[in-house]
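What follows is one structure encoded as structure tokens, with my remarks underneath.
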Amino acid sequence: MKKWISLVAIMFISMTVFAQKKLPKVELKNLEGQVIDVSSLQNDGKPIVVSFWATWCKPCAKELDAIMEVYEEWQEETGVEIYAVSIDDSRAVRRVGPYANGKGWEYNILLDTNGDLKRALNVGSIPHTFLIDGEGNIVWDHTSYQDGDEEELFEEIENLVK
């Protein structure tokens, strides 16, 4: 009996450790007011980057500005699509669109005003960036931003498309 319990426990632990984490079923709005189910984000088998940010977060703006400088090249080389998820609350959310437009960001902007996606992905601090493979698995994440971190992100994206 003890052997069976041990075997079941080992199988459960293995399944938990090796299970691929996917984006959760959370509905967010985009800047046009359309509701988007985050778990259904697709990019024709190409990578997706989900980056949490806020209008008040200076490192977030630095990261998204740095990526924007090379985003067109990244798209040409890898087909990557970026979703910038604002965690600004309901009082500040009206500033998100003008802020992103003023920066010239060509990302898909999603609004997580209630923090539902943030909680579901255990995002404690921002910027927090996730890389999703072509099958919807979260394969990499990174918290904070320092100059050059976008290069590490691009290396991870390149590894996915090779």
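The values are calculated or read from the model by the stated rules, or taken from the named source; none is laboratory data. Just so we're clear, the structure is a prediction, and the values are computed from it rather than from any experiment. Don't worry about glycine lacking a Cβ; one is built from the backbone with ideal geometry, like all the others, and counts go over all protein chains shown.
Quick one: would you say I67 is part of a helix (DSSP H, G or I), under 16 Å from the mean Cα position of the chain (by Cα) and among the aliphatic types (A, V, I, L, M)?
In short, yes.
Name the single residue that is surrounded by the most Cβ atoms within 10 Å (Cβ to Cβ) among those in the range 38-57 being part of a helix (DSSP H, G or I) and among the small types (G, A, S).
Taking the candidates together, the pick is S39.
Any residue that is touching a residue at least 60 places away in the same chain (Cβ under 8 Å), hydrophobic (A, V, I, L, M, F, W, C) and closer than 16 Å to R119 by Cα - is there at least one of those in the range 70-92?
no
For a quick check of your reading of the model, give me the residue pairs whose first member lies in the range 143-162 and is free of Cβ contacts under 8 Å to residues at least 60 places away in the same chain, whose second is exposed (fewer than 12 other Cβ atoms within 10 Å of the Cβ), with beta-carbon atoms closer than 9 Å and at least 6 apart or on different chains.
The qualifying pairs are T143/G124; T143/S125.
Failed condition for N114, given (1) closer than 20 Å to Q34 by Cβ; (2) in contact with a strand residue (DSSP E or B) (Cβ under 6 Å, 6 or more places away or on another chain), with all others met?
Evaluating N114 over (1) closer than 20 Å to Q34 by Cβ; (2) in contact with a strand residue (DSSP E or B) (Cβ under 6 Å, 6 or more places away or on another chain) leaves (2) as the failure.
Any idea which residue in the range 58-70 is surrounded by the most Cβ atoms within 10 Å (Cβ to Cβ), counting only those that are within 14 Å of V85 (Cα to Cα) and in contact with a helix residue (DSSP H, G or I) (Cβ under 9 Å, 6 or more places away or on another chain)?
Only one residue fits best here, namely E63.
Residues to consider are A54, A66; find the one that is aliphatic (A, V, I, L, M) and more than 24 Å from P24 (Cβ to Cβ).
A66
List, please: which pairs have Cβ atoms under 8 Å, are six or more places apart or on different chains, and start with a residue in the range 29-58 that is over 30 Å from K162 (Cβ atoms) and end with one that is among the acidic types (D, E)?
So the pair list comes out as V35/E27; A54/D88; T55/D88; W56/D88.
Condition check ((1) of a type in the set (A, V, I, L, M, F, W, C); (2) at pLDDT 95 or above; (3) within 27 Å of P98 (Cα to Cα)) across all residues:
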{"position": "M15", "(1), (2), (3)": "yes, no, no"}
{"position": "K22", "(1), (2), (3)": "no, no, no"}
{"position": "V26", "(1), (2), (3)": "yes, yes, yes"}
{"position": "Q42", "(1), (2), (3)": "no, no, yes"}
{"position": "W53", "(1), (2), (3)": "yes, yes, yes"}
